[in-house]
Amino acid sequence: MGGWASAERRRALREQLVAWQRQHGRNDLPWQRPATPYRVWISEVMLQQTRVETVVPYFERFMGHYPQVADLARAELDDVLGLWAGLGYYARARNLHAAAQRIQIEWGGELPEELEALQALPGIGPSTAGAIRSLGHGLPAPILDGNVKRVLARIAGIEGWPGRSPVARELWALSAALVPEEDCRRFNQGLMDLGALVCTPREPACLLCPLASICTARATGTPEAYPTPRPARQRPRRPVRLLLIEHADTLLLERRPASGIWGGLWSLPECPPEQDPLTRAQALGAHCVPTGELPQRHHALTHFELVLQPMRLQWSAAATAVGEPGRQQDWFRPGQEALPGLPAPIRRILRDAGYPIEEGPRGP
């Protein structure tokens, strides 16, 4: 940590950052009114790889349904996934639900204070645990989300991609050394706010930064060089054919397996690229005629990119009973009844098909 081992230097940084956060930071976010451990936990999970402006309406809707741990613990997973639909990374919602049930049983509905106990819960890693302890309980703990990694790497001139273990260890050590016993809530919020508002990935506003005079990266004249970006990689593409099987004003949907992509959500039946769509439809019990294709949709995931090709099929039989071993399918009336939780790309495809599907979250 170089010069950051100096107690005087750490104290100066804390004082400057806390004063800046009090005056210029984000102090009116929904999860700060009030900043209970539960509300901080929900917001931190939602904010993983998701922007604040996207999260706000989802958070408010979620709190409208599940204001306390007990409400989330006794909820049906389908309902939780339905509220989460559109945020992506659906394992986060499944983990929230599972963790709430454990918190209710093991901790009487109150999130524990200790980092080890928090990290023993599903879906809570070191940084989320640190945020719950510091922002929710007001107790000192280090944090290291994406914004904080960038701020610390620039301040201390830490080179290397933060995804590498040696770099991550150095950043964690610095975060732990800097967090104060007092005012830890405002200090950690200040680190996150500084990264979001001033110390941005591109064109950081160094002239507005309260730490500019002690920032190693700024002194080099190339602050954007820190931290080192992720090594370039090419995502493989995975083609997926989707079947819009329609009958009168109904549409056939199928629940996805609990694990994997879009786990537990409802989607359109899939057809392997090498299989005839009519053969796949017959496996569902559907006798169909093709009525055309919709435009392709591309959906980037962490390790690969989905190339979604929707195909419309008209159910030609009078009966609408469907069934396939190991799968759950049912008919729905988009625009006339509430739909189950659908992944955002599937909602877009249904809008392409002319169905009146809303974008984003609705009110509680």
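Scanning region 60-79 for residues that are surrounded by 22 or more Cβ atoms within 10 Å (Cβ to Cβ) and under 20 Å from Ala344 (Cβ atoms) gives a single hit, Phe62.
When you check Ala212 against the structure, is it in contact with a helix residue (DSSP H, G or I) (Cβ under 7 Å, 6 or more places away or on another chain) and not assigned by TED's automatic domain parsing to the domain that holds Pro343, yes or no?
Details: in contact with a helix residue (DSSP H, G or I) (Cβ under 7 Å, 6 or more places away or on another chain): yes; not assigned by TED's automatic domain parsing to the domain that holds Pro343: yes.
Spelling it out, Ala212 is indeed in contact with a helix residue (DSSP H, G or I) (Cβ under 7 Å, 6 or more places away or on another chain) and not assigned by TED's automatic domain parsing to the domain that holds Pro343.
Any chance you could count how many residues in region 197-218 are of a type in the set (Gly, Ala, Ser) and either touching a residue at least 60 places away in the same chain (Cβ under 8 Å) or not in a helix (DSSP H, G or I) (or both)?
Of the residues in region 197-218, the ones of a type in the set (Gly, Ala, Ser) are 205, 212-213, 217.
Pick out the ones that are also either touching a residue at least 60 places away in the same chain (Cβ under 8 Å) or not in a helix (DSSP H, G or I) (or both) and you get 205, 217.
Count: 2.
Of all the numbered requirements in (1) under 30 Å from Cys209 (Cα atoms); (2) part of a helix (DSSP H, G or I), His97 misses one, and that requirement is (1).
Within region 277-296, residues that are over 21 Å from Gln328 (Cβ atoms) have Cβ atoms under 6 Å from residues that are of a type in the set (Ser, Thr, Tyr) in these pairs: Val289/Ser316, counting only partners at least 6 apart in sequence or on another chain.
State whether one or more residues within region 218-228 are in contact with a strand residue (DSSP E or B) (Cβ under 9 Å, 6 or more places away or on another chain), among the aliphatic types (A, V, I, L, M) and either closer than 30 Å to Glu53 by Cα or surrounded by fewer than 17 Cβ atoms within 10 Å (Cβ to Cβ) (or both). Looking for residues that are in contact with a strand residue (DSSP E or B) (Cβ under 9 Å, 6 or more places away or on another chain), among the aliphatic types (A, V, I, L, M) and either closer than 30 Å to Glu53 by Cα or surrounded by fewer than 17 Cβ atoms within 10 Å (Cβ to Cβ) (or both), one finds none in region 218-228, hence no.
Do we find a residue being in contact with a Gly (Cβ under 7 Å, 6 or more places away or on another chain) and under 23 Å from Ala300 (Cα atoms) anywhere in region 96-115? Scanning region 96-115, I find no residue that is in contact with a Gly (Cβ under 7 Å, 6 or more places away or on another chain) and under 23 Å from Ala300 (Cα atoms), so the answer is no. Scanning region 30-81 for residues that are charged (D, E, K, R), within 19 Å of Pro340 (Cβ to Cβ) and not in a loop (DSSP other than H, G, I, E, B) yields a count of 3. Of the strands (runs of 3 or more DSSP E) entirely within region 235-315, those holding at least 3 residues that are over 23 Å from Asp78 (Cα atoms) and more than 24 Å from the chain's Cα centre (by Cα) occupy 237-247, 288-293, 305-315. For the residues Val307, Val322, the requirement of being surrounded by 13 or more Cβ atoms within 10 Å (Cβ to Cβ) and modelled with pLDDT under 80 singles out Val322.
The values are calculated or read from the model by the stated rules, or taken from the named source; none is laboratory data. None of these values were measured; they are calculated from a predicted model. Neighbour counts run over all protein chains shown; Cβ positions are idealised from the backbone, glycine included.
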